[in-house]
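Beneath this line is the structure, given in structure tokens, with notes to follow.
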Amino acid sequence: MPSAVGGALTPRSPLTALQGVGAKTAALFAEHDVHTLEDLIWYFPANYEDRSHVVAIADIHTTGIYTIRCNVQQSRARKTRQRKTVVEALVADESGSIQCVWFNQPYIVQKIKNGEELFLSGKITMKGSLPFFTNPFVDTLTHQQFAKKIVPVYPLHSTLKQHQVRSMIRQALAIIPAMNEDIPLQVSAKHNLQSIKEALTEIHQPTSVAFYTQAQRRIVLSRLIDWMMAMNATRAEDVVGRAPACAFPIEELKEHLHTLQFQLTPDQKKALWDIIQDLSQDTPMIRMLCGEVGSGKTIVAALASIAIIRAGHQVACVAPTDILAQQHLQSFTRALEHTGYTVVLHTHNHQATEQELQRADLIIGTHALLNKTASFRSLGLVIVDEQHRFGVLQRAQLLSSGVRVPHFLSLTATPIPRTLALSIFGKLAISTITSLPHGRKPIITRLMNEEKRPLLYNFLQKHIDAGEGVFVVCPLIDPSDVLSVASVERVREQLRPHLPQARIGVLHGKLKKNEQQHIMHAFRSRELDVIISTTVVEVGVDVPHASIIVIEDADRFGLATLHQLRGRVGRSHIQSYCIVTTQRRDAGAQKRLAFFSKTRSGFELARYDAEHRGAGNLLGIEQSGASEIISYALRYPELVTQAHLIAQEESVYSGRANRALHLE
């Protein structure tokens, strides 16, 4: 096993301690809050490919993932006009033969010499009645890395490759023996639970469908227990200390509301009033604010912050990622621009000084901020975006840290029915925003097939001529020889002849941060008409004049991502549209996108996702925090009941306290 510089790998070792991992790769993971080897162990597959069954070539009649054992009959390498390498081969077993092709993998020639016996694994597509292998993985008989196995498929970001992530996690598994069990052994034995170490190993190196399904349920149970304990730790009646009582005179509140350029909705006013009433008491507020994407939760949280700041205390806002922290920085700064209050940012990549933290009225950051609470002057309110997996210990620590504790407000983008809320959140006070801000119209969503694309171009041109902005979102940055899906570069070339006068920009993870900021500034200031991007615009983007978002090959995205992307438009009085496209004709993809097109509720989308999610991609989902817990509760209500029981056992708390929480 590899060793870190100066010693063996540990759960807290940085990613760069792994062989072949440099600062650039570590930075890509850091954007998704994966900094240490333990973080990496909790970076789960999005799905699995079952290559455990070897099939005869003659038995392949449909498109799918297959493993074959074969002999190489012929092979050759050639160059395309673009000077790219294409390797072609004809392979056969006793039942028949199949054509294979590899794009941009010249080293494959050394593995597929004529007469060689191999395992080939990957996706086979049918061309008429003939099967065709594209970029299959090659295993020799003496060194079977993936053949005859169930192979994890990890979510990829930016320029990461599947083989990179697999190699990193394969090395990182060396730390599992050094990790603490999450539940005391006597409790595990009482409830007949699998060891968390066994579950984590099985998740990354599955031995069978039955075993990795069992391991997934064990991980889900662990997350539910963490959640239940967090709820128990934040019940107001259990909090030892007192919070600052910060009254906000009604006349002063009305005066500040008059400075806003818009009116609050009745739901926003009621939620704000509930929060302000709580803040006026010295009993610590423990409240969740629920609301759909774009419903105006942030402005309510910002206005509530004024009550704390005017009383001489500070507010901390914790976001899950640097991108969302930047969005909150912009939103809170806008909301408080007439107050003269100081707002600072503190994240992993942008750290405020001790002096700035002392002087600031409102500090926004990622979970790195929680390590700086001792530097605050007087912390009066903690706002947590509940997409963030806010650790049990941090939450309990904030609310039981002494005589003076802060008020607590969490935000979630999923309105929750009361019965489900009671089972998941217990006695937590909940405020819900269901209505859209004044003047905003519901977004019209349409599923478009390829034959209607000329109509789409005319539609885009009409709205660009009216001064409105357009987002086009693609699954890939660069064209792929393997995947027939939209890429940023290919779509830009396709759009140019159809929108000749449009000013088009591109936005994706390969661009430097300052380049991304420059592109978005140009779009906001109407110097660009169209932005073609990857899902970097999923959060952190607020452009009021943008009225259309086109999501290419939408079947490649989860419903939670589609819902977030749709929320990038509809942020003004302009009628907005979300157009989703797909090349797939199968009933499953069409049904899922049709459901998305007619459904505006994030909860209903979560319910649909939970009911239709395959066992293989249960853990590698896009949501986290409250949205994730809701998905689990809908899918496995029996685990919610079990988690409640286990969370009540006193020894579980000490077991949790003795490990580095994966929900930090």
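Within region 292-319, track down each residue that is open to solvent by 10 Å² or more (accessible area, probe 1.4 Å), within 26 Å of R404 (Cα to Cα) and not β-branched (V, I, T).
R310, A311, G312, H313
Where the second residue is acidic (D, E) and surrounded by 13 or more Cβ atoms within 10 Å (Cβ to Cβ) and the first is within 16 Å of Q327 (Cβ to Cβ) and modelled with pLDDT of 90 or more and lies in region 344-359, which pairs have Cβ atoms under 7 Å and are six or more apart or on separate chains?
V344/E356
Answer with yes or no whether D282 is of a type in the set (D, E, K, R) and open to solvent by less than 20 Å² (accessible area, probe 1.4 Å).
No.
Please name all residue pairs, on different chains or six or more residues apart, with Cβ atoms under 7 Å, provided the first residue is in region 530-544 and is farther than 19 Å from L495 by Cα and the second residue is of a type in the set (G, A, S) and at pLDDT 85 or above.
Close Cβ pairs satisfying both conditions: V543/G469; P544/S572.
Could you grab me the full set of residues in region 465-523 that are touching a His at 6+ places or on another chain (Cβ under 8 Å) and either surrounded by fewer than 16 Cβ atoms within 10 Å (Cβ to Cβ) or of a type in the set (A, V, I, L, M, F, W, C) (or both)?
Correct list: G467, V470, I477, V488.
Working only within region 181-198, note down all residues that are of a type in the set (A, V, I, L, M, F, W, C) and open to solvent by 30 Å² or more (accessible area, probe 1.4 Å).
Those that are of a type in the set (A, V, I, L, M, F, W, C) and open to solvent by 30 Å² or more (accessible area, probe 1.4 Å): L185, A189, L193.
Could you please find all residues in region 69-101 being farther than 26 Å from K149 by Cβ and open to solvent by less than 40 Å² (accessible area, probe 1.4 Å)?
The answer is T80, T85, V86.
Quick one: count up the residues across region 420-476 that are part of a strand (DSSP E or B), at pLDDT below 85 and either closer than 14 Å to G570 by Cβ or of a type outside the set (G, A, S) (or both).
Total satisfying the criteria: 1.
May I ask you to verify whether I175 is in a helix (DSSP H, G or I), surrounded by 18 or more Cβ atoms within 10 Å (Cβ to Cβ), in contact (Cβ under 8 Å) with a residue 40 or more places away in the chain and in contact with a His (Cβ under 6 Å, 6 or more places away or on another chain)?
no
Answer with yes or no whether L593 is crowded, with 20+ Cβ neighbours inside 10 Å, under 29 Å from R503 (Cβ atoms) and either in contact with a Cys (Cβ under 8 Å, 6 or more places away or on another chain) or not small (G, A, S) (or both).
No.
Which pairs do you get when a residue that is touching a residue at least 24 places away in the same chain (Cβ under 8 Å), found in region 434-459, comes within reach of a residue that is open to solvent by 60 Å² or more (accessible area, probe 1.4 Å) and charged (D, E, K, R), reach meaning Cβ atoms under 7 angstrom, with the pair 6+ apart or on two chains?
If the second residue must be open to solvent by 60 Å² or more (accessible area, probe 1.4 Å) and charged (D, E, K, R), the pairs left are P442/R600.
Pull out all pairs, ordered by first then second residue, where Cβ-Cβ is under 8 Å, the residues are six or more apart or on different chains, the first lies in region 506-521 and is charged (D, E, K, R), and the second is open to solvent by 30 Å² or more (accessible area, probe 1.4 Å) and part of a loop (DSSP other than H, G, I, E, B).
K510/S158; K510/T159
Of the residues in region 205-214, how many are crowded, with 22+ Cβ neighbours inside 10 Å and assigned to a helix (DSSP H, G or I)?
Adding up the residues that qualify gives 1.
Having 2 or more residues that are free of Cβ contacts under 8 Å to residues at least 40 places away in the same chain is the bar; report the strands (runs of 3 or more DSSP E) wholly within region 8-120 that clear it.
By residue number, 64-79, 85-92, 97-103.
Considering region 569-579 alone, what residues qualify as being in contact with a strand residue (DSSP E or B) (Cβ under 6 Å, 6 or more places away or on another chain), open to solvent by 10 Å² or more (accessible area, probe 1.4 Å) and part of a loop (DSSP other than H, G, I, E, B)?
If the condition is that a residue be in contact with a strand residue (DSSP E or B) (Cβ under 6 Å, 6 or more places away or on another chain), open to solvent by 10 Å² or more (accessible area, probe 1.4 Å) and part of a loop (DSSP other than H, G, I, E, B), then I574 is the only one that fits.
So which residues in region 102-132 are under 19 Å from H163 (Cα atoms), crowded, with 17+ Cβ neighbours inside 10 Å and among the hydrophobic types (A, V, I, L, M, F, W, C), if there are any at all?
W102, I108, F119, L120
Does any residue of region 164-172 turn out to be open to solvent by 30 Å² or more (accessible area, probe 1.4 Å) and over 23 Å from the mean Cα position of the chain (by Cα)?
no
The values are calculated or read from the model by the stated rules, or taken from the named source; none is laboratory data. Quick caveat: nothing in here was measured; it's all calculated off a predicted structure. Note that each Cβ is placed from the backbone with ideal geometry, even for glycine, and that neighbours are counted across all protein chains shown. Just the protein is used for accessible areas: all its heavy atoms, side chains included, with ligands, DNA and RNA removed. Shrake-Rupley method; radii C 1.70, N 1.55, O 1.52, S 1.80 Å.
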